[in-house]
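The values are calculated or read from the model by the stated rules, or taken from the named source; none is laboratory data. Just so it is clear, the model here is predicted, and its values are computed rather than measured. Positions of Cβ are backbone-derived with ideal geometry, glycine not excepted, and every protein chain shown enters the neighbour counts.
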Amino acid sequence: MLAWLSRRVIKDAWIIVGAWMLLAVALLIASVTGLGGNNLFERAAAGSTAIAGTNSAEGEQILDTLSGDAETVTLLVTDIDISDTVTQQAVADALENAHADLRALVGEQNVIDPFVVPGMLHEPAAQMLAATDLDGFLLVVTVDPNGDAVADANDKRYAAQVAELVDRVEARLEQVPDELSSIEPGVRGIVSDDVLMAAAVNDQVRADLVRGELITLPLALVIMVLVFGGFLAAGMPLIGALVSIACTMGVLYFLSVGVDLQSFVINIVTVISLGLSIDYGLLITSRYREELARSHQAAGAEAGVRLRRRRRGGRRDPRLADCLTTTLATAGHTVLFSALTVSACMLGLVLMGPVVLRSIGIACLASCLIAVAAAITLVPAMLVLLGRHMLRPSLLQRIPVLGYLQRHLGDVTSERGVFRWIARQVQRMAWVVLVACVVALVVLASPARNLHLLSSTTELLPADSDQRTYLTVLDEDYAAVTQQDATLIIAATGDRVTDFINEQVAGVDGVQEVLQVATAGDYTVVYLDLAGDPTSRAAEDAVASIRALPAPADTWTTGQAASQLDFRQSLRASLPGWARSSCWLPSCCCSS
């Protein structure tokens, strides 16, 4: 097969290069522009801690159903002292126009802050929306055009209506700090909702991708110039990598139509695509140069001059054809075997239970196939078109230090080359090297036994973004709003449920406090404060203990600790039976 491929590459080199370039440009444009719709970064989800089909995910669905299809937009106002009644009344007066405009958009009952509550901060309901040290407050707007009705999840017209209202509410809330500046010149405000959170995460992913490529691509070029001794040869793997990345982004865009892609998957896949493409392209280019050097030496100096001067042969020169055929039969075979190995590993992720792992596996599998396809077609085609120009010494080799390094570290090295010396030492001490490598791998893998898996989207937000600041301030100054670490949903109401909550749930080790109990239809919703950080093992143990209680009806537990516990159990359930029972598995997978 590879021999046939080498003949096609020699014959249709220009067609192959042109086709790859057109495909890369088309797919890159599709991923960046979205073909008139949402682009790749906008289609990617900002991240979800719920694993479909698990207890926590089902609980989240029930909560969403109970809360309807409403969207909440919040304004966090900071740096304004509202501790005295005079200032409170001044703020209430300054907000009158905002209240009127917002109520006209979403309704009378859907706008709330401490100053619409009779008695203002003297009432507990208003105090919940004020900062602990009274240097700010929250203005919460609920966008719910349907009222008590719940729209179908596929109702695009309603979704567009809600999105338009959310945009208008956001725009109006952004004006509020200016309207309060006459009371406190330094007042600031942050508008936040799910859409803005997702946009902040996606913007960070896009910025990280650009920053990463701007660092890794020049660094890779420097290393390959050192290896190949010139820009011409070094450019071959790099061009292949750029084309592979462009094609991979386009494929990810079309995959996002049928597969839920997390935002961070884009960065993971582009890094893998870059690494594989450069690795495979480097192998092909290096072996091709070795074959050219052997051919040149075998033909002799005089014959080599005649070959370099002969123009009619071009890329169909028999010697060049032999070099490419040998290259694909050797290095090409290695590249194919490597790609199959990587693809098999990616298939393992595809078979895992958590959707996020399946999406990573599918995306990485696609990037691997693109990388190997470019390595055995595009890179050889470019090498064939360059012909014997690949052997011309570069001006960089005449620089003393660079020339010395290239002669000893380059791809076509002498008997004194560093890598040739390393190869001889490995062959001479094979068993010593094998044992040393095994010991090193065991030592490096040993921390995995104490691995604690976390699931959090907050850390994905840029550290200096308004949305990250919003969450930080909310956590520090609005304990009544963010205090609950877990939510327990019980599919029943009545005295039996009340007794269950007071006598059993409240007594679970790790449950510090039952914060609030509410009923919604046939469900009872319990908000819990757990011991320790919501991401800690103690919180996970508390959730597991709650789920183990003999409840009077079906129960679901949600929250970050619950999601982490479900993720771990879903991952463990995806493993073969012999692996689940093996004691060598990390505690993150073995515990239940």
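In the condition set (1) at pLDDT 90 or above; (2) over 25 Å from VAL473 (Cβ atoms); (3) among the charged types (D, E, K, R), ASP79 is compliant with all but (2).
Table: residues versus (1) out of contact with any Pro (no Cβ under 6 Å at 6 or more places or on another chain); (2) within 20 Å of GLU60 (Cβ to Cβ).
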{"site": "THR472", "(1), (2)": "yes, no"}
{"site": "ALA479", "(1), (2)": "yes, no"}
{"site": "THR487", "(1), (2)": "yes, yes"}
{"site": "GLY494", "(1), (2)": "yes, no"}
{"site": "PHE500", "(1), (2)": "no, no"}
{"site": "GLU503", "(1), (2)": "yes, no"}
{"site": "ALA506", "(1), (2)": "yes, no"}
{"site": "ASP509", "(1), (2)": "yes, no"}
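Here's the yes/no breakdown for (1) in a strand (DSSP E or B); (2) polar (S, T, N, Q); (3) closer than 27 Å to SER181 by Cβ; (4) touching a Leu at 6+ places or on another chain (Cβ under 8 Å):
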position	(1), (2), (3), (4)
GLY59	no, no, no, no
LEU66	no, no, no, no
ASP81	no, no, yes, yes
ALA92	no, no, yes, no
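Out of GLN504, GLN484, report the one residue that is surrounded by 12 or more Cβ atoms within 10 Å (Cβ to Cβ), within 30 Å of ALA199 (Cβ to Cβ) and touching a residue at least 12 places away in the same chain (Cβ under 8 Å). None of the others qualify; the one that does is GLN484.
Under the condition of being modelled with pLDDT of 75 or more, of a type in the set (A, V, I, L, M) and either exposed (fewer than 14 other Cβ atoms within 10 Å of the Cβ) or in contact with a strand residue (DSSP E or B) (Cβ under 9 Å, 6 or more places away or on another chain) (or both), the residues counted in segment 436-467 number 11.
Among the conditions (1) small (Gly, Ala, Ser); (2) surrounded by 14 or more Cβ atoms within 10 Å (Cβ to Cβ); (3) not assigned by TED's automatic domain parsing to the domain that holds VAL269, GLY212 misses just one, which is (3).
Among the residues in segment 516-527, are any of a type outside the set (Lys, Arg), assigned to a loop (DSSP other than H, G, I, E, B), surrounded by fewer than 18 Cβ atoms within 10 Å (Cβ to Cβ) and at negative phi? Break it down into steps so the answer makes sense when it comes.
Keep residues of segment 516-527 that are of a type outside the set (Lys, Arg), which gives 516-527.
Now restrict to residues that are assigned to a loop (DSSP other than H, G, I, E, B): 521-522.
So of that shortlist, the ones also surrounded by fewer than 18 Cβ atoms within 10 Å (Cβ to Cβ) come out as 521-522.
Retained after the next criterion (residues that are at negative phi): 522.
So far as segment 516-527 goes, yes, one or more of its residues are of a type outside the set (Lys, Arg), assigned to a loop (DSSP other than H, G, I, E, B), surrounded by fewer than 18 Cβ atoms within 10 Å (Cβ to Cβ) and at negative phi.
All conditions but one from (1) buried (at least 19 other Cβ atoms within 10 Å of the Cβ); (2) in a loop (DSSP other than H, G, I, E, B) apply to VAL169; the one that does not is (2). Scan segment 173-213 for residues that are of a type outside the set (Val, Ile, Thr) and part of a loop (DSSP other than H, G, I, E, B) and the total you get is 8.
Answer yes or no: is there a residue in segment 41-63 that is out of contact with any Pro (no Cβ under 6 Å at 6 or more places or on another chain), touching a residue at least 60 places away in the same chain (Cβ under 8 Å) and among the basic types (Lys, Arg). Taking every residue of segment 41-63 in turn, at least one turns out to be out of contact with any Pro (no Cβ under 6 Å at 6 or more places or on another chain), touching a residue at least 60 places away in the same chain (Cβ under 8 Å) and among the basic types (Lys, Arg).
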